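Structure record follows, encoded as structure tokens.
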Amino acid sequence: MQAVIMAGGFGTRLRPITCSIPKPMAPVANKPMLSHIIELLKKYDFRDVTMMLYYQPEIITNYFGNGSKFGVDIKYLRPEADLGTAGSVGFAKENINGTFLVISGDVLTDFDISKAIAFHKEKKAIATMVLTRVTNPLQFGVVITDKDDKVERFLEKPSWGEVFSDTINTGIYILEPEVFDYIAENKDVDFSKDLYPKLLKEGKGLYGYIAEGYWKDIGNHDEYRFAHYDILDGKVNIDVDGTKKQIEGKTIIVGKNTIIENGVTFDSNSIIGDNTIIKKGAKIGKSVIGSNVTIGENALLLGSVLWDGVLIGDEASLKETVIGSSTKIGEKTSVQVGTIIADECNIGSGATIKANLRIWPHKIVEKGAILSSSLVWGEKWNKALFNAYGSITGLGNIEITPEFAAKIGSAYGAFVGSGAYVVISRDDHRTTRMIKRGIISGLLSAGVKVGDMLSSSIPVARYEIGNEGEAGGIHIRQSPYDARLIDIKFFDRFGGDISINQEKGFEQLFFREDFKRANMNDVGEITVPPRALEYYKTGYLNKIGKAKEVVNNTKIVIDYANSSASMVFPAILGELGVDVVALNAYIDGKKITKTRDMFEESLNQLSDIVTTLKATAGFLIDNGAEKLFLVDEKGKIMEDEISMLVMAYLVMTTYKTGTIAVPVNVSSVIDELASKFDFKVTRTGTSQRNIMNAAKEEGVVFVADCKGGFIFPEFQHAFDAMYAIGKSIEMLSKSDITLSRVRREIPSFDVLHKTIPCSWDKKGQTMRNAIQNTKDKKTELIDGVKIFLNNGWVLLLPDADEAYFHVWAEAKDKITAKGFIDMYSDKIMEWQK
């Protein structure tokens, strides 16, 4: 049979150890991981192999040649452009004359491919996805099949709320030549985004085969080490070169001409290559050692992977590290857990290399030095740079440092490209000013022109983007929830949050750490956007200014929360003729973050002043001017969901028709209200990105997040507390109604919420069980699993950042809702077993 191996990977996430080789050539158990794939194919009688190459192809072709030494016939193809996964396979169609297999060259697996082929033929499929089950499906494509094994649904790299199964796409496909009819020639075509959705839409035979056996995507340094541990533990069935020996009850695979001196101890299974010397007193545990390696006397090597030609000095200590080819580690040197040292480095005697560092090729560390930051760039960072809210968040001046900020700027500059124009803004904390300057330095070094908006509210910054050809924007703020944290937010060229794909593209550049720098004469310049406030004010008044005669003389109380909104909003309200009593209408960088008690104190103060002054309403703006909290004319503080329903009611009474978008966990009362006013309701995921994206949909006139965030797409597709205040005043005046009266029009409801502990490795399994055990009920899979019951619903949603599940429930009364919560809380605990 024929097979196509995808072997064009850059190995970005494995850098710096893949700086000089393509990822499929990284050694696993002392041979290229691509070699294990070829051995697997040969085992199941695949002899005709086509390799798709892209990055450093000569290294692969020189090693494998025509394949005769490996018992296969290899042909090589290299498209001139990136054609995507399916497009690259389409490029090989001239080599294909029957059923064929597609497999990645950078995975480790021992699947019985013959069983998958038999399944494919039995189903008479046009395409079969080989699937497996994993504990954490976030980095993969999640797939669900029906009782006949037909693919019903799949989602590439979901968030936890979108994980509807722990069954994932391994990237191994069995295909018929008919699929080429669905792959455009010389176009970027992806299997998951383009080809398979098309096959599903047309009802073609797309099946999923759940394979038994071992499979691992070696996507980062940890997974690279873990793959070796699995080999040593016998979890994967592959061929390892060498002779098995039993030493002290441990299985040691030893290569040719290797010398193990007396007094060497092994505390667990290990693999040793050819022509290697391990000197007396050395202690080895759960490690893979390459060929031509020397390990000195009394050295300690635990949980590590050494490539060929490494020299370890006497009494050196290495724990859970990866060491690249021909690197020298001096005597009495300590290399701590998680550190990666690339090829041909020289680490001096007595040096200490701290944990989780990255040392790029050809670096020298002097004798006795203590290295606490990576060479070339900086600190270790999370596997995922962005958090669930689309921000980069860390401890100010500890994790988010000026050096880190410069690296962020360099990476973002490389992302948008030299010559691009980016605006940047901040809140009024002194640390965010420092971090902003670091980011600007990185941007300038990449040749990016920077528009420095200085201190600015987030809605004003978003509104500026797109007016002068900006490629994007950055805002730095102190976290409104934790005074120790700094948030770095990124905006696309329309002022919205960047997409998940853009996040991942940016992360790749960041972790690759080899950004292209501009020539000295092409370094970027800094400008100050002169009309940002003017753009915002003009746009605002063009929308709400038409209602000036309606809102004139309305008395309101606004707490500005010491935010930058106080720089622009008073002038707008003055133009509208609104009578405003302003609280905290001055900037104070020390009052950005509020504790829960401080927030409630501010609301209570606002309530008292509204009552005393007999104002129409009171409004509390958060420091970023994105979120808004309401107090009615009687001083009643409105809960977040009540505020959302009140605003939705006002929209329905003042707009002729339209669609309102709210998260999937919002009360069904919104649907009752919509049915009375000829409005539609669309549900979104619970993340800010999903909610904001809904504002871009045709016909949507209002979006709310049930946390104080309101969007009126007529003005901009983002949360804006200032515009929400203007619309509130306008709608109240036009409807000649008070907030308390609107509140009374809202039907009573009970939405309860609870969190249930769930370890990360059980989340996918729990989601799969949730779907399988509710097939007899009406469900919705917008974000998590929403189950519709008699007189109510339950939503099960894994948390994106913490090890637990959210459970929401609504029913006709609180007792019933609590019963739903208790029942499904028990089920979640059961499904984890």
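The table that follows gives values for the structure above.
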{"item": "Alpha-carbon Rg with Dmax, taken over the stretch 131-181, Å", "result": "12.0, 36"}
{"item": "Pairs of Cα atoms farther than 14 Å apart, the stretch 317-366, %", "result": "40 percent"}
{"item": "Surface share of carbon and sulfur [accessible, 1.4 angstrom probe, percent] for the stretch 305-428", "result": "47 percent"}
{"item": "Long-range Cα-Cα pairs in the stretch 735-833 (distance over 24 Å), rounded percent", "result": "29 percent"}
{"item": "Mean projected area in nm² (Cα convex hull; one quarter of hull surface) for the stretch 70-186", "result": "8.9 nm²"}
{"item": "Distance violations [Cα-Cα > 22 Å] among Lys680/Lys763; Lys555/Lys594; Lys634/Lys734; Lys43/Lys121", "result": "Lys680/Lys763; Lys555/Lys594"}
{"item": "Average accessible area per residue (Å²) across the stretch 158-242 - probe 1.4 Å, nucleic acids and ligands excluded", "result": "41 Å²"}
{"item": "Stokes-Einstein D in µm²/s, Kirkwood radius over Cα pairs - the stretch 174-330 at 4 °C with 1.567 mPa s viscosity", "result": "71 µm²/s"}
{"item": "Mean Cβ count within 10 Å, highest first, over the residues of peptides 257-268, 346-357", "result": "346-357, 257-268"}
{"item": "Principal-axis tilt of helix 760-772 within the chain, Cα atoms, nearest 10 degrees", "result": "70 degrees"}
{"item": "Carbon plus sulfur fraction of accessible area for the stretch 681-787, probe 1.4 Å, in percent", "result": "42 percent"}
{"item": "With 10 Å bins from 0: P(r) over the stretch 322-419, alpha-carbon pairs, percent", "result": "15, 40, 28, 15, 2"}
{"item": "Contact order relative to length of the chain, as percent, for alpha carbon pairs under 8 angstrom and 6 or more apart", "result": "8 percent"}
{"item": "Average projected area [Cα convex hull, the stretch 385-533], square nanometres", "result": "8.0 nm²"}
{"item": "Cα long-axis angle, helix 430-445 against the chain (0 to 90 degrees, to the nearest 10)", "result": "50 degrees"}
{"item": "Calculated [θ] (222 nm, deg cm²/dmol) that DSSP helices of n ≥ 4 give over the chain, each run adding -39,500 (n - 2.57)", "result": "-8500 deg cm²/dmol"}
{"item": "Nearest 10 degrees, 0 to 90: helix 596-613 Cα axis against the chain principal axis", "result": "20 degrees"}
{"item": "1.4 Å probe accessible area per residue over the stretch 344-450, in Å²", "result": "41 Å²"}
{"item": "Length-normalised contact order of the stretch 133-191 in % [C-alpha pairs under 8 Å, at least 6 apart]", "result": "34 percent"}
{"item": "Hull volume in cubic angstrom per residue (convex hull over the Cα atoms of the stretch 23-97)", "result": "102 Å³"}
{"item": "Apportionment of accessible area to carbon and sulfur, the stretch 57-120, percent (1.4 Å)", "result": "50 percent"}
{"item": "Test item: Cα-centred dipole of the chain, Lys/Arg +1 and Asp/Glu -1 on Cβ, debye", "result": "400 debye"}
{"item": "Separation in nanometres of the label points that stand 7 Å from Cα toward Cβ, at Thr738 and Asp45", "result": "8.5 nm"}
{"item": "Mean projected area (nm²) of the alpha-carbon convex hull when the chain is viewed from all directions", "result": "37.2 nm²"}
{"item": "Probe 1.4 Å, protein heavy atoms only - accessible area per residue of the stretch 1-63 in square angstrom", "result": "30 Å²"}
{"item": "Whole-number percent relative contact order across the stretch 56-177, with pairs defined as alpha carbons under 8 Å at least 6 apart", "result": "28 percent"}
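The values are calculated or read from the model by the stated rules, or taken from the named source; none is laboratory data. Source: prediction; values computed, not measured. Don't worry about glycine lacking a Cβ; one is built from the backbone with ideal geometry, like all the others, and counts go over all protein chains shown. Side chains included, ligands, DNA and RNA excluded: accessible areas come from the protein's heavy atoms. Shrake-Rupley method; radii C 1.70, N 1.55, O 1.52, S 1.80 Å.
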